Amino acid sequence: MANSKVVNNYGSFDVTFVKGQGSTLTDINGKKYIDFLAGIAVNVLGHNFKPLVKAVSKQAKKQIHVCNYFTSDIGVEYANKLLAATGYEGVYFGNSGAEANEAAIKLARKYGQLNGGSKRKTIVTLDKSFHGRTLATLKATGQEKFHIDDFAPYPEGFKTLEANNFEALKGAFDETTAALFMEPVECEGGVIPLDPEWAKAAAKAARDAGAIVMCDEVQTGMGRCGSLMANTLLGIDPEVVTFAKAIAGGVPMGACIFKGKGNVFKAGDHQSTFAGNPLACAAANTVLDTITKPGFFESVNEKGEYIKKTIAGWNIPFVKEIRGRGLVIGVQITKNPVEIEKTCLAKGLLFSTAGSDVLRFVPPLNISYKEIDAGLAILKEVLQNA
C-alpha cells in the first residue's frame, strides 16, 4: 500500500488510487478500474463530477468551517431544502453514519423518557442489520460477529428482532420499547430487502406499543434504491430517518431528520464540532439538487434492473439469487465471495462483499451504461471461470 503507515484496520487491498473520472478509478501505476463500489455507496455522483467540484471549490474560498454556536448561509439553505424534499420538521447534522445513528439512538431514548419514563428505553433492531462502529451502534447491529469481546462491555437497551418473520412480531414490543430501528434494505447483512407488508406490520406493532419508528438510510437513502428515501417504498412513514454516505458525495457528513413524535431534540441534547460545516453542506446541496432532477431516480431503477437481468442471463450455476433495489444489488453465490472479489479486483473491477456469501454492487448512481457493460464483462469472465 505504497509503504503506508496507516493502521490497516480495514484489511485494505494493496491498491493505491490517485484519481478518478466518472465511475472509473486510476491507481498509482496507471491501471484503470470500473467502480461498482463508489466508496461503499458514498460517491453517489462518481468521481470528478464537475458541479460538485465547483460547489466545494467555491465554498472553500468562502469558508470551510463555522462553529455551531452560529449558522452559515449554505447550512440554512441546505437544511431547509432537505426538510422540504423529505417532508420532515427538523434535522441534526453529523459527520458520518455512525454519528447520525448515535443521534437517533439518543433521540429514541429521550422520546422514551418523555413517553413512559425510565422503563421505556429499549430500541429494537433487526437481525443481519448494521448500524455503525461506535459501541452503541455496534450493539444495535444485529450481527454477533461485530460484538467483539475485546470491546466489551457494550451499552444495554437493545433487542434484536428477526426481519421478515411475522411470527417474530408477536410480543416483540411492549411498554419498555422506545423505538423500532430498521434498514429498508439490510445492505451489510447480505443486501436483504424488507418485505413491505412485514415492515408495515412491524411499524404498526411498535406504534401500538407506544414506540416510534426509525429508519437507518445511511446506505439506502439519497437515491440508492431509486427514491430519495427507501422507506417510502415500504409505506411506513418513520418519525426518524438517518442519512450519511451519499449525502455529500464524498465529503464526510451525516444527518438525522425527525418529525411528529420524534421531534424531541432541544439545545444541548446532542452536538458535534464539525457537524454541518459549510463545506459539507455545499457538497450536500449539490448532491440533492442533482439527484432530485426529473428522471434521475427512474434512471437508477433502470440501471439496477439492467444489471440484475444481465447477470441472470448468464445462467451461472453457483449464483443462488440476485436481489436488491435500485443500485444496491446483491448476488448470492455458493462459492467464496472474497475470492471472486479479489479476482475481479486484479482484472479491474471494484465491488465488495456482504454477509458471508454475497457480492454487493453499489456503483455511482450516474454510472454510464458503457462503464456498466465494461464492469459486467469482467464479472462475467471471472464467474464463468470460477
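What residue among Asn366, Asn29, Asn80 has the largest mean-square fluctuation in a Gaussian network model of the chain, using Cα springs under 10 Å? Highest fluctuation among the options: Asn29. Average accessible surface for the chain: 44 Å² per residue, computed with a 1.4 Å probe over protein heavy atoms with every protein chain in place.
Note on the stretch 241-337: with charges restricted to the Cβ of Lys and Arg (+1) and Asp and Glu (-1), its dipole about the Cα centre is near 300 debye.
Ranking Gly46, Val6, Ile34 by Cα position along the charge dipole of the stretch 1-54, where only Lys, Arg, Asp and Glu carry charges on their C-beta atoms, puts Gly46 farthest toward the positive end. Counting only Cβ charges, +1 for Lys and Arg and -1 for Asp and Glu, the dipole size of the chain around its Cα centre is about 800 debye. Placing unit charges on the Cβ atoms of the charged side chains and taking the dipole of the chain about its Cα centre, the candidate lying farthest along the positive direction among Leu345, Val300, Thr16 is Thr16.
In the stretch 330-386, the portion of solvent-accessible area held by carbon and sulfur atoms comes to 48 percent [1.4 Å probe, whole percent, DNA, RNA and ligands not counted]. Among the GluC sites (Glu not before Pro) in the stretch 122-190, those located in a DSSP loop and surrounded by at most 15 other Cβ atoms within 10 Å of their own Cβ are Glu156, Glu162, Glu175. Each Lys and Arg adds +1 at its Cβ and each Asp and Glu adds -1 at its Cβ; summed about the Cα centre, the stretch 305-386 shows a dipole of about 120 debye.
For the chain, the share of DSSP beta bridges that are antiparallel, to the nearest 5, is 65%. Packing, as the average of other Cβ atoms within 10 Å across residues, places the peptides 105-114, 290-299, 344-353 in the order 105-114, 344-353, 290-299, highest first.
If the elastic network links every pair of Cα atoms under 10 Å, which of Lys200, Lys266, Lys121 fluctuates the most in the Gaussian network model of the chain? Result: Lys266 has the largest fluctuation of those listed.
Counting only protein heavy atoms and a probe of 1.4 Å, the accessible surface of the stretch 17-157 is 57% carbon and sulfur.
Between Tyr369 and Gln21, 0.36 nm times their residue separation minus their Cα-Cα distance comes to what?
Here the segment from Tyr369 to Gln21 would lengthen by 123.8 nm.
The values are calculated or read from the model by the stated rules, or taken from the named source; none is laboratory data. Keep in mind it's a predicted model, so treat the numbers as computed, not measured. Neighbour counts run over all protein chains shown; Cβ positions are idealised from the backbone, glycine included. Please note that ligands, DNA and RNA were not included when accessible areas were found on the heavy atoms of the full protein model with its side chains. Shrake-Rupley method; radii C 1.70, N 1.55, O 1.52, S 1.80 Å.
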